[in-house]
Amino acid sequence: MIPAEVYSDAYSQITQFMASENQTMVTEFLFSMFLNLHESGLLFFIPLLLIYGFIITGNLVIFIVIQVDTALHTPMYFFISVLSFLEIWYTTTTIPKMLCSLVSEQKTISLAGCLMQMYFFHSLGITEGCVLTAMAIDRYIAICNPLRYPTIMTSDLCIQLTAGSCLCGFLLVLPEIAWIATLPFCGSNEIHQIFCDFTPVLSLACTDTSLVVIVDAIHAVEILSSFLVIALSYVRIIMVILRIPSAEGRHKAFSTCASHLAVFLLFFGSVAVMYLRFSATYSVFWDTVVAVTFVILAPFLNPIIYSLRNKDIKIAIQRLFCCQKRAGRIGS
């Protein structure tokens, strides 16, 4: 006779197996942050649509102006054009889906779509951080070693730094995305965030995700490394600027890197609050506020900073539109 304990163990193993089979059936996620809006979704849709349109238009104008105007064919403006190009795609990975969720009955995203959103959002974000680091190096050489600047910051080096930034951004996130794709998801499929991000998605996995600590540590090292390179560069830059005897010379030197410094503080400030919180936890409301700042507000301010605080770009934009008006008059 087979003991009852054997039957009990076998039954529990079978039920656990069946439960695990059922747990892997989650194939789409629901953005729970958009569920409570109902009819008021349109009130958020219109401002967000206008902001998204401004981000795309502003960055596109900056990119085109820098490519067209030969006076802006310098390493600094080359990196600004790369950053503007990345911002267009960076915001496109999240905001269009937010707009659909605000006005559509379907506030879901497939597992594959969620993984793709996470991959491109973080890849483009890391690439932007690397480009900002390259811009800091460019400003450091221009101000601290101006005589050797033309021979060091060649067009080939700028292209290599940009290619390296893209390579770093798109390869660093790939192992984490591949690992998440193998995880089973169970229970609730509600993501308590306005877009797919690592922590909200991993909280829905019905398996051990402690390995993410190692991956997060790698990302933290990358973020802190970029931050330290930029911060140390600007410490040295400020020291050199303060030694310039004339006030006009100091103002001119500082104005060449003011826009980059503002974008650096905005970008890495929001990154630190979003991803370097360590054991600190926020409420769902504050998590959403931080996400809005990181995903919407920072990209919205970047074109304003580069266009309104940069005299050369403002002049180039005016020159471009004046040429188009003249061409239109001649054509008519």
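Key figures
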| item | result |
| --- | --- |
| Reciprocal of mean inverse Cα separation for the chain (Kirkwood radius, Å) | 22.6 |
| Qualifying GluC sites (Glu not before Pro) in region 70-161, DSSP loop, other Cβ atoms within 10 Å at most 15 | Glu105 |
| Percent accessible area from carbon and sulfur atoms, the chain, protein chains only, probe 1.4 Å | 69 |
| Calculated diffusion of region 148-210, Stokes-Einstein form, Kirkwood radius summed over Cα pairs, 25 °C and 0.890 mPa s, µm²/s | 165 |
| Charge-dipole axis of the chain as Lys and Arg at +1 and Asp and Glu at -1 on Cβ define it, positive-most pick from Ile304, Ser203, Ser255 | Ser255 |
| Unpartnered cysteines - no second Cys beta carbon under 4.7 Å - across the chain | Cys100, Cys130, Cys144, Cys158, Cys166, Cys168, Cys257, Cys322, Cys323 |
| Crossing angle, helix 311-331 versus the chain [Cα axis fit, 0-90 degrees, rounded to tens] | 80 |
| Equivalent-ellipsoid semi-axes of region 71-204, from the Cα gyration tensor, Å, largest first | 38, 16, 10 |
| Solvent-accessible ranking of Leu224, Leu147, Leu83, Leu172, largest area first, probe 1.4 Å | Leu147, Leu224, Leu172, Leu83 |
| ³J(HN,Hα), Karplus 6.51/-1.76/1.60, whole Hz, each residue of region 147-156, x for Gly, Pro | 5, 9, 4, x, 7, 8, 8, 7, 5, 5 |
| Ranked by how many other beta carbons lie within 10 Å on average, peptides 161-170, 66-75 from highest | 161-170, 66-75 |
| Mean residue ellipticity (222 nm) of the chain, computed from DSSP H runs ≥ 4 via -39,500 (n - 2.57), nearest 500 | -25000 deg cm²/dmol |
| Choice from Ala134, Ala231, Ala112 showing the highest fluctuation, given a GNM over the chain with Cα pairs closer than 10 Å | Ala112 |
| Heavy-atom accessible area ranking, 1.4 Å probe, most first, across Cys144, Cys158 | Cys144, Cys158 |
| Solvent-accessible area per residue, Å², over the chain with all protein chains present [probe radius 1.4 Å] | 54 |
| Gaussian network model of the chain, springs between alpha carbon atoms under 10 Å - residue of Ile88, Ile296, Ile244 with greatest fluctuation | Ile244 |
| Relative contact order, percent, the chain [alpha-carbon distance under 8 Å, six or more residues apart] | 25 |
| Segment Ser246-Leu224, length gained on full extension (0.36 nm per residue, minus Cα span) | 4.4 nm |
| Positive minus negative residues near Thr127 (Lys, Arg vs Asp, Glu; Cβ under 12 Å) | -3 |
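The values are calculated or read from the model by the stated rules, or taken from the named source; none is laboratory data. The model shown is predicted, which means the values in this text are computed figures rather than measured ones. Methodologically, a virtual Cβ is constructed for each residue, glycine included, from the backbone with ideal geometry; neighbour enumeration extends over all protein chains shown. Ligands, DNA and RNA are excluded from the accessible area calculation, which covers all protein heavy atoms including side chains. Shrake-Rupley method; radii C 1.70, N 1.55, O 1.52, S 1.80 Å.
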